[in-house]
Amino acid sequence: MRTYIIKRLLLCIPTLFGITLVTFLIIQLAPGSPVEMRLRALAGAGMGEEVTAEIIEQTKKLYGLDKPVLFNTTAFREKGIGGLFDARYWIWLRKVALLDFGDSYKDHRKVSEKILERVPVTLQLSVISIFLVYLFAIPIGVYSSVYHESGSDKVLTLLLFVLYSLPSFWVATMLIIFLGGGEYLNIFPIYGLSSEGAENMGAWAWLLDRLWHLVLPVGCLAYGSLAVISRYCRVGMLDTLRQDYIRTARAKGLSEKIVIFKHAFRNSLIPIVTLLGMLLPALLGGSIIIESIFSIPGMGQLAFEAILSRDYPVVMGIATISAILTLLGILLADILYAVVDPRISYE
Amino acid sequence: MKQGYWHIVWRQFRKRRLAVAGLYLIVLLFLVAILAPFIAGNKPILIWSDDGLKTGVFMSDRELRDIVPRARCTIYPPIPYSPTQYDLEERLEPPSGKHLLGTDDRGRDIASRMVHGARISLSVGFVAVSIFVALGIVTGSFAGYYGGWLDALISRIIEVWLCFPTLFLILAALAVLPQSIYIIMVVIGLTGWTGVARLVRGEFLKLRPQDFVAASRAVGAGGGRIMFRHILPNALGPVLVSATFGVAAAILVESALSFLGFGVPPPTPSWGDTLSQARNYMDFAWWLALFPGMAIFVTITAYNLVGEGLRDSIDPRLTQ
């Protein structure tokens, strides 16, 4: 097992390299840069052309944008092979290898710091919604497989199908319009995670206020995965219930309860447990759409803002971290497979 | 009677009422998209004048100004508003007899924008999926058939591609590229091909050692012929299922992009764009959210229903 994990971790390195390279090229090769954005701001301020040209050079140097993106051919001719890699991507990569994602273009704060302060916010949302998803999805899946083809199974299946096809940004917008104040009901807050003056509340009031703010965004995050996972659970259970050993268990006179919960359920859990591994990137990555609709200052919102303002170091930092999490999630899923299913081994 | 594979699939598919309903819905949506100028627009469908009967839909404004006053009779579309025509006197009107689904913040008729928006959504779905199916089939076939270093390379690329945070990458690409519907189609197409490629590759790995492949090689068929005429047809069923779900996903991504302001450039009517307007008038403008969201939801559901129906129909365990 240990050799397997080490091998897999080593295989992640070229994949990560590929991901960062492609992302880097996409955002850096495009026309329009932070320098041009600054220029536009200065042109608005009525600066002369000579002054702006000078400032562009300075800004480029400051951000390291005076060097080529991938290969520095000028330096290559002068200094040989070492000069070739005196380019933006390799400089960035060298720093990342030392866990330094650079500084944000926008406020010159450390990218890692900016990301770390968003993590707790996103974690609150994702942990609660994943907990709720599994809490409801598994009973729903088991129920509708046990009562396969019954009226309630059909209704549940259709309902889950509808939930699965509902775009979350639509549901979120509708909920805000009808439940978030305005001309209709005013039940839930629609901005951020706390009311104004929440710092002065008592612990209980603060917690209630926070939970109250979380209802809509968590609901919107959760219902889609709820549909997916309970469908998985239902199909898995149906598959297991068709197996011979279930018939044997029934034939030897075990009660239906024991057949379902002890013999069938535990085996049908295998695919569900491994889905947990896939959730890792979602756990920290947050949701761009939901966080920006509800103005929640999490990772998703940071990602969206960074893209809007072309804050390259932040964009690259988030892309790299989410790629690492995805790779670890896949690895975790494979390991969980072997843990929950003794028939699988990686020796 | 000879029964082909697709004949059996179709017979299975027809038994599933919800899937058939989804198929009808898709046909209906395509009709709406194709006939959009005849359903909603400010140009007359029929003009009866001395020149005989003509349609005004394809005429320029100048031609219309010339011919309409002379006409004996003109028939306008059921929704007589253009999707891009401003009417600042009637901004943000709720649904009424005049504007069936209300108007947006520039006084444009929502019903008309919904009808014309179908063109954007359906064409983005169709083109993006065509791109990724083509890409997936080619890469998957080559990887599965030739194996070796080519397979290793393509599998590696697929693995890299799977680890991208898709929406994030699409947004980052669209933020730096010029705004255009074609670029959206290509970007969505480029992000989705890995699923099809893995599917086709798997099918090729399974079928390549079989006798019929050896037989066609024995009679002298070349690699291309064996790949695309003999092996590929066996993999088309699962590919079609994956493509159908892919269309639903592509339409969802397009409308999410428009919702976030990265979609089709204005003034082109798109469902996601109208829905995003609702964000500025969240106090009251429910019609700005309800109708476009409904359109997106119904379209996605229709494709998902057909996809599920197809998946069940090609499942060999059920065909017996």
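Convex hull of alpha carbon positions in the range A:111-340: directionally averaged projected area 16.2 nm². Inter-chain Cβ neighbour count for B:154-163, averaged per residue, equals 5 (cutoff 10 Å, partner chain atoms only).
Helix content alone sets the calculated 222 nm mean residue ellipticity of chain A: runs of n ≥ 4 DSSP H residues at -39500 (n - 2.57) each, divided across all residues, give -24000 deg cm²/dmol.
GNM remark for chain A: springs join alpha carbons under 10 Å apart, and the peak mean-square fluctuation among A:PRO189, A:PRO68, A:PRO14 falls on A:PRO14.
Looking at the protein assembly as shown, the DSSP beta bridges with both ends there are about 90 percent antiparallel.
Helix A:2-29 and the longest principal axis of the Cα set of chain A meet at an angle near 50°.
Here the contact order of chain B, divided by its residue count and restricted to Cα pairs under 8 Å and six or more residues apart, works out to 22 percent. The string of couplings for the range B:28-37 from the Karplus curve (6.51, -1.76, 1.60, θ = phi - 60°) is 4, 4, 5, 4, 4, 5, 5, 8, 3, x Hz, one whole number per residue in order, with x for Gly and Pro.
Percent of alpha carbon pairs in the range A:127-256 separated by more than 16 Å? Here the long-distance tail beyond 16 Å is 71 percent of all Cα pairs in the range A:127-256. Other protein chain C-beta atoms within 10 Å of residue C-beta, averaged over B:292-299: 3.
Of the peptides A:235-244, A:128-137, the ranking by mean beta-carbon count within 10 Å, highest at the top, reads A:128-137, A:235-244.
Taking every alpha-carbon pair under 8 Å whose residues sit at least 6 apart, chain A reaches a relative contact order of 23 percent. Each of A:LEU159 and A:LEU70 was given a label point 7 Å from its Cα along the Cα-to-Cβ line. The distance between the two points is 5.3 nm.
Sorted from largest to smallest, which semi-axis lengths in Å does the alpha carbon gyration tensor of the range B:143-295 give for its equivalent ellipsoid, taking the root of 5 times each eigenvalue? Numbers along the way, then the final one.
Values: eigenvalues 359, 53, 29 Å².
Gyration-tensor ellipsoid for the range B:143-295: 42, 16, 12 Å.
Counting Cα-Cα pairs of chain B in 20 Å increments starting at 0 gives whole-percent bin shares of 26, 47, 23, 3. Among A:ALA222, A:ALA306, A:ALA53, the largest mean-square fluctuation in a Gaussian network model of chain A, built with springs joining Cα atoms closer than 10 Å, belongs to A:ALA53.
Packing-wise, with mean Cβ within 10 Å as the measure, how do B:179-191, B:79-91 rank, highest first?
B:179-191, B:79-91
Phi angles across the range B:268-279 convert, under the Karplus curve 6.51 cos²θ - 1.76 cosθ + 1.60 with θ = phi - 60°, into 3J(HN,Hα) values of 3, x, 9, 4, x, 5, 4, 4, 5, 4, 4, 5 Hz, Gly and Pro given as x. For the range B:110-125, backbone phi angles converted through the Karplus equation (6.51, -1.76, 1.60; θ = phi - 60°) give residue-by-residue couplings of 5, 4, 5, 5, 5, 4, 6, x, 4, 4, 5, 4, 5, 6, 4, x Hz, Gly and Pro being listed as x. In chain A, the longest principal axis of the Cα atoms and the axis of helix A:168-179 are about 80 degrees apart. With respect to chain B, whose longest principal axis is taken over its alpha-carbon atoms, helix B:232-259 is tilted by about 40°. Mean partner shielding of peptide B:246-255, defined as the number of other chain Cβ atoms within 10 Å of each residue Cβ, is 1.
Amide H contacts of B:LEU46 (H built 1.01 Å from N, in plane; Pro and chain starts excluded): B:GLY56, B:ILE75 sit under 5 Å, all sequence-distant by 5 or more or on other chains. With R₀ fixed at 25 Å, the C-beta to C-beta distance from B:LEU205 to B:ARG11 puts the FRET efficiency at about 0.25.
Once the Cβ-Cβ distance between A:LEU11 and B:ARG65 is put in as r, and R0 is 60 Å, what FRET efficiency do you end up with, to the nearest 0.05?
Values: r = 69 Å, r/R0 = 1.15.
Calculated transfer efficiency: 0.30.
Close lysine pairs were tallied over chain A: pairs 8 or more places apart or on different chains with Cα atoms under 18 Å apart number 9.
Per residue of chain B, the DSSP helices (runs of n ≥ 4 H) give a summed -39500 (n - 2.57) that works out to -21000 deg cm²/dmol at 222 nm. Packing around the peptides A:158-166, A:173-181, taken as the average count of other Cβ atoms within 10 Å per residue, puts them in this order, highest first: A:173-181, A:158-166.
Three semi-axes describe the equivalent ellipsoid of the protein assembly as shown; taken as square roots of 5 times the Cα gyration tensor eigenvalues and ordered largest first, they are 40, 38, 31 Å.
Quick note: the coordinates plus some simple rules give every number you see, no bench work behind them. A quick note: this is a predicted structure, and the numbers were derived from the prediction, not measured. Methodologically, a virtual Cβ is constructed for each residue, glycine included, from the backbone with ideal geometry; neighbour enumeration extends over all protein chains shown.
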